[in-house]
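First up is the structure itself, then whatever we jot down about it.
The values are calculated or read from the model by the stated rules, or taken from the named source; none is laboratory data. Not measured: the values here are computed from a predicted model. With ideal geometry, Cβ positions are generated from the backbone for all residues, glycine too; neighbour counts draw on all protein chains shown. Please note that ligands, DNA and RNA were not included when accessible areas were found on the heavy atoms of the full protein model with its side chains. Shrake-Rupley method; radii C 1.70, N 1.55, O 1.52, S 1.80 Å.
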Amino acid sequence: DVVTRIMDDFLDFPFFGPWAAIERVTGKTSRAIFEDMKAALETRYQSAAALAGGTRFSPDKVGNWQHPVLTARGLYASRSDLEGYPGIVRLAPDGTEETIAVIALSDPSSFTTTADGVTIYATSFFADWRPGDGEIVVSDLSAIDTLTGSVQRITTDAHLWHPAVSADGRRLVAVQGTGSYSRLVEVDPSTGGIEVLFSIADANVFNPAFSTDGKRVALVVNQRGMQDVVVLDLASGAFAYVLGPDAFGEYFPSWHGDHRLLFSSDRSGRLALYEADLDSGAV
């Protein structure tokens, strides 16, 4: 009942702000409570913190660098910080970055690159004017040439995000919104034509990723709150769950070769990185 008591105290005498009410009710300042929380979390996750390791790749400043994609031209990532426009950057091991494209993506995972790093496919919002409807804002797909900086819009009114391209650059897929849900579609980069590849009733899909040989796509499926990674065979259209369906969440699949899949999950009670051998079923 502490929160209710703080609210009542504040409403009775609001002139010194909520911080005074917090201290009167709890006997501690809000800063002291915050420091206690930090200490408790450090104790709780001390064993996991020791496993972090690794080398910082992104610049050591305030901002978000997300969805890393390794190419022959380096490591690309989406960036949003307090110093400039959002975009796609190339990260160097020394913590520096080079802006490849200035673009406000549909979300941080909404870009993909060919293996050579020359072509970026990205989704962003376009405001289109339509007679009778006025201005309509839709997420559509564009191709960015990293050598020339040219940008070509591929689709119109397609409601796309989370694109993924095969290593050879021949196949391009994306998530498409349809009503309250979404599905996986293939996009023809030359015409903008769309073909449905995967759809489940009352489900949303996220973060597709091609296997190295381009024959399978892993993606996340959320159906009525159950979130699992599935693998889709592009030749047959058949799909299989990697784990589940179960009550644990799986996120952000990434291939390690053609038969092993990396993904994150909270199934142990803490968010962790997992690898699944799709041939043996070992995780």
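Considering only the range 125-146, state which residues are surrounded by 10 or more Cβ atoms within 10 Å (Cβ to Cβ) and part of a loop (DSSP other than H, G, I, E, B).
Within the range 125-146, Thr146 is the sole residue that qualifies.
If the condition is being modelled with pLDDT under 95, of a type in the set (A, V, I, L, M, F, W, C) and surrounded by 11 or more Cβ atoms within 10 Å (Cβ to Cβ), then the range 50-68 contributes only Phe57. Remark: pairs (first residue in the range 225-242, under 16 Å from Val173 (Cα atoms) and open to solvent by less than 60 Å² (accessible area, probe 1.4 Å); second residue assigned to a loop (DSSP other than H, G, I, E, B) and among the β-branched types (Val, Ile, Thr); Cβ separation under 8 Å; 6+ apart in sequence or on different chains) = Val230/Val242; Val231/Val242.
Being farther than 18 Å from Ser124 by Cα and under 22 Å from the mean Cα position of the chain (by Cα) is the filter here; which residues of the range 184-201 pass it? Selection gives Val196, Leu197, Phe198, Ser199, Ile200.
Taken over the range 153-163, the residue count meeting the criterion of being of a type outside the set (Val, Ile, Thr) and either assigned to a loop (DSSP other than H, G, I, E, B) or at pLDDT below 95 (or both) is 3.
Here the condition is being among the small types (Gly, Ala, Ser), at negative phi and open to solvent by 80 Å² or more (accessible area, probe 1.4 Å); of Ala72, Ala104, Ala40, Ala21, it holds for Ala72 alone. Among the residues of the range 1-18, the one identified as open to solvent by less than 60 Å² (accessible area, probe 1.4 Å) and within 37 Å of the chain's Cα centre (by Cα) is Pro18.
Mind checking whether some residue in the range 77-87 is among the aliphatic types (A, V, I, L, M), modelled with pLDDT of 90 or more and exposed (fewer than 13 other Cβ atoms within 10 Å of the Cβ)? Checked the range 77-87: no residue is among the aliphatic types (A, V, I, L, M), modelled with pLDDT of 90 or more and exposed (fewer than 13 other Cβ atoms within 10 Å of the Cβ). Of all residues in the range 164-188, those that are assigned to a loop (DSSP other than H, G, I, E, B) and surrounded by fewer than 20 Cβ atoms within 10 Å (Cβ to Cβ) total 8.
The condition of being under 26 Å from Thr113 (Cα atoms) and not in a loop (DSSP other than H, G, I, E, B) holds for only one of Asp213, Asp258, Asp228, that being Asp228.
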